[in-house]
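J.: My questions will all concern the structure given below.
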Amino acid sequence: MATSLGWRRDGRDDRDSAGSPVNVIAFFMFAVPAFAGVLVALLGENPYWAVLGVAAGYVLGQAPKVAAQWERAVLFRLGRYAGLRGPGLFWIVPFIETIPSWIDQRVVTTGFAAEQTLTADTVPVNVDAVLFWMVHDPEKAALEVQSYRNAVSWAAQTALRDIIGRTSLADLLRGREQIEEELQRIIDARTNPWGATVQSVDMRDIVIPASLQDAMSREAQATREKSARVILSQAEVEIARSFETAALSYQHNPVALQLRAMNMLYEGLKEKGALMLVPSSAVDSMGLGGLMGAAAMLQQRNALPAPTKENPS
C-alpha cells in the first residue's frame, strides 16, 4: 500500500518543514531577551542575567505561531479543546495552551490497493487505486479520530475489497466508472464523521493471473471468428436474394437475358488467354450457342500471328 501518512506514534501529525512558513516573530521574541540578558551579564559580570534572559526568550518565543494558508491549528487549553487558529499569525499562552496537531486542508492523494482479492466468480485479482480527499472540518478530524489519515486509508482499502468481493470479473473490467462512483460513495459515508470528504476515486490498474489472461484471449478470438462467420452467412443470404430478384427480372425478358449473357462473355474473354467454363444448360437457356461460337472465332483470330511481307496470309 503506497501511502505517505506523516503521523508520529502519538497520533499527532508532522508539519512539512519545507512548506511551513518561517516564524520570524518567534525568533525575535527569543533573540531580544536572550541578547539583553547576555549583555547585562557581561556588563555586570553576573552570569545569572544571561540564564534569565535565555529562559525568558524561550518562553516568549513559544507565544507567536504562524499557520500557512491551507493549515488550521488545533488549540488546546489545559487539555480542553479551545478552537482553531490560522491562517496567519496568532498567539498562544506558553505552557497553558498547546497545539497538538496542524490540519492540512489541501486535497490529499492516497494510494491504496487490494492484493489477491477474490471476485464474485472466485478470480484472484490485484487492484491499485488512488483516492483524492480533503479535510472539510478540522475540528472533527482532530477530535473524532486518533489518526484521520490512517483511518481514511484503511476505510478506502476495506471498501475496495468489499466491492471486489461482490463484483464479477467481467463487471470489474467493463464497469470501472460505476465501481469508482460506488467506491466514492462508500468511502465518503465512512469518512464524513471524521471531517473528511472524498473528491474522487480512480482505479489505476487491475491485474489478473497470466493463465486467465490466455484463456480470455482465446475466448475473445473465438468470439471474433464466430462473428465473422455469422456476417459471412448473412452476406450469402443477401446475395441469394439478389440473384432471386434478378432471375425473376430475366424470366419474361429474353432480350435482357441475352444482353446479360453477352456482357458475361465480354467480361470473361477480354483478358488474353482467358478460359471460361459455361454449363451446357446455360447455353440452351440463355441462347449462348451463337455467341460462344463468335467469341471462339474472335479469340482464335487474336491468337494468330500478325501478317508480314514474307507471309501476307
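J.: When the Debye formula is applied to the Cα atoms of segment 108-208, each taken as the same point scatterer, what base-10 log of I(q)/I(0) results at q = 0.12, 0.20, 0.25 Å⁻¹?
T.: Rounded to two decimals, the profile gives -0.38, -0.90, -1.27.
J.: Excluding E177 itself, calculate the net charge of residues whose Cβ lies under 12 Å from the Cβ of E177, where each Lys or Arg counts +1 and each Asp or Glu counts -1.
T.: Neighbour charge sum, excluding E177 itself: -3.
J.: Sort the following peptides by mean Cβ neighbour count (other Cβ atoms within 10 Å, averaged over residues), highest first: 135-144, 229-238, 52-61.
T.: Result, highest mean first: 135-144, 52-61, 229-238.
J.: Would you please give the residues with an amide H less than 5 Å from that of S168, counting only those at least 5 places away or on a separate chain, with H modeled from the backbone geometry?
T.: HN-HN under 5 Å from S168: A120.
J.: Another one. Return F243, F112 ranked ascending by Cβ neighbour count within 10 Å, so the fewest neighbours appear first.
T.: The fewest-first ordering by Cβ neighbours comes to F243, F112.
J.: Out of residues 5 or more away from S200 or on other chains, whose amide H comes under 5 Å of its own, with H placed 1.01 Å from N in the peptide plane?
T.: Those lying under 5 Å, H to H, from S200 are F132.
J.: Roughly how many nanometres apart are two label points built 7 Å out from the Cα toward the Cβ at E177 and N126?
T.: 2.9 nm
J.: How far apart, in nm, are two points set 7 Å out from the Cα along the Cα-to-Cβ line at E139 and at V93?
T.: It works out to 2.1 nm between the two label points.
J.: Counting pairs of alpha carbon atoms under 8 Å apart in space and at least six apart in sequence, what relative contact order in percent does segment 108-208 give?
T.: RCO, segment 108-208: 41 percent.
J.: Kindly put I239, I25, I208 in sequence by how many other C-beta atoms sit within 10 Å of each C-beta, fewest to most.
T.: Final ranking by Cβ density, sparse to dense: I239, I25, I208.
J.: So, in nm, how far is label R260 from label D162 when the simple model puts each one 7 Å beyond its Cα toward the Cβ?
T.: Here the answer is 7.1 nm between the modelled labels.
J.: Which of E177, E97 has the fewest other C-beta atoms within 10 Å, and how do the rest follow up to the most?
T.: With the sparsest Cβ surroundings first, the list reads E177, E97.
Each reported figure results from applying straightforward, stated rules to the coordinates on display, with no laboratory input. Computed from a predicted structure; not experimentally measured. Counting neighbours? That spans all protein chains shown, and the Cβs are built from the backbone with ideal geometry, glycine included.
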